[in-house]
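Shown below is the structure under consideration.
FYI, it's all coordinate maths here, none of it is from the lab. Computed from a predicted structure; not experimentally measured. Using ideal geometry, Cβ is built from the backbone for each residue, glycine included, and neighbour counts are taken over all protein chains shown.
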Amino acid sequence: MNYFKDCKTIHEAKRRFRELAKKYHPDAGGDAKTFAEISHQMDNFTPSQPEHTNFSGYGGDEYFHMAYERAQATKQSEYGQSGYRFNTSYTHSYSIPFDHPIHEEKRNLEKQVFEAQANARYFEKKYEEFKAYLKNTNDFLFEKNREMAQKNDEIAALKSQIEVLSRPQPSCSMLYKIRRFFEKPSEM
């Protein structure tokens, strides 16, 4: 069935396409294959009456080419390189049928991207947990090193006390002799 046989200009075809989209679009409860056929016919629509647009007041052909380039840039940014669902009277683009294998490939790629993003979120969470664990471990080790330094200082103080105490002490008889020496007047 030709949905655009009564349309003579691109504007009529666009208007007709909008009406058909409201009726047959899968999101509106329509059939996907019918809508794919309508989209394909719209993409391949050739007007029977060419539109005469006067660009002379806007810079002539230069303005036309500037508008065309802007439309192409919009087409590529909004619809990707393929130009899917974009058509004007001066460009020709194509529509990929709904049951084409490339749609399955696209769904598989989208699934892989989703899984990769989920894995990235999982590993990012694990990385944050590991960073927190390392921080706690580093804090614990720092505290233990500080405690060990205090213990080493205490050990060094005890060693110096032991060293002082372990020096040979004079005997009692020697102490007695030294005291007597200082008590009696020297006879020289």
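Expected output is a single nm value to one decimal: the length gained when fully extending between residue 178 and residue 165, i.e. 0.36 nm times separation in residues minus the C-alpha distance. What is it?
Extra length available between residue 178 and residue 165 comes to 2.6 nm.
Any idea how far apart residue 113 and residue 135 come out in nm if each label point goes 7 Å out from Cα toward Cβ?
3.4
Tally Lys and Arg at +1 and Asp and Glu at -1 over the other residues with C-beta under 12 Å from the C-beta of residue 173: what net charge comes out?
+3
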